[in-house]
1. Tell me, what is the percent relative contact order of the stretch 1-43, built from C-alpha pairs under 8 Å that lie six or more residues apart?
2. Classify the stretch 1-43 as rounded, prolate or oblate from the Cα gyration tensor: take a ≥ b ≥ c as the square roots of its eigenvalues, call it rounded if a/c is under 1.5, otherwise prolate when a/b beats b/c and oblate if not.
3. Only counting other Cβ atoms within 10 Å, I'd like 130, 66, 100 sorted with the fewest neighbours first.
4. Summing -39500 (n - 2.57) over the DSSP H runs of n ≥ 4 in the chain and dividing by its residue number, what mean residue ellipticity at 222 nm do you reach, to the nearest 500 deg cm²/dmol?
5. If the chain between residue 72 and residue 169 were fully stretched, how many nm would it gain, using 0.36 nm times the residue separation less the Cα-Cα distance?
6. Calculate, for residue 41 and residue 177, the FRET efficiency according to 1/(1 + (r/R0)^6) with r their C-beta to C-beta distance and R0 25 Å; round to the nearest 0.05.
7. Only Cα pairs under 8 Å and at least 6 apart count here; give the relative contact order of the stretch 44-195 as a rounded whole percent.
8. Measure off 7 Å from each Cα along the Cα-to-Cβ vector at residue 11 and residue 191, then give the distance between these two points in nanometres to one decimal.
Ligand SMILES: [Zn+2]
């Protein structure tokens, strides 16, 4: 097993990593740093608690970028006249408002990526926060903040593109106001990933 050692930029203690992970988590001081375009920077994050009775051996944490967005629809043409999923996800009204877009920060299969980004964006997960990972393994992160923000547009449009032919035209402004990493616990089973909050 190859172990990589880096030094925590916050507390100077060594961080040992068993796998390549773009998010450097320091278990001593609890900070996460990334190497970004402006050098090494600390990122805000939350760890969602798993529900009682979760079998921790089958559980793993997947990091998501939660992008708090201001979403304004300028014009549209939708068969049936309304945006179904997007309207449900928007807080504020049918023509715009606040949208919390969830972008997986790990390298997931495209169908899995799409399923969880759409579902978590439409139904923002409710969870309590814990302050450590309880030794549950973390899926390594591969997606930085800038890349996540670029993917936000793809997800916003994907919300409405599930029924082919429904969305004919959509012109909008999307502004990301805050980006935070949320670690969500999942159970893997033969039928797929199950959110364990
Ligand atoms: Zn540290």
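1. Once normalised by length, the contact order is 26 percent.
2. Since a/c reaches 1.5 but b/c is at least a/b, the shape of the stretch 1-43 is classed as oblate.
3. Listing 130, 66, 100 from fewest to most nearby Cβ atoms yields 130, 100, 66.
4. For the chain, the value works out to -5500 deg cm²/dmol.
5. 33.5 nm
6. 0.90
7. 46 percent
8. 4.1 nm
No value in this document is a laboratory result; all are computed from the given coordinates. Since this is a predicted model, take the numbers as computed values, not measurements. No Cβ is skipped: glycine too gets one built from the backbone with ideal geometry, and neighbour counts run over all protein chains shown.
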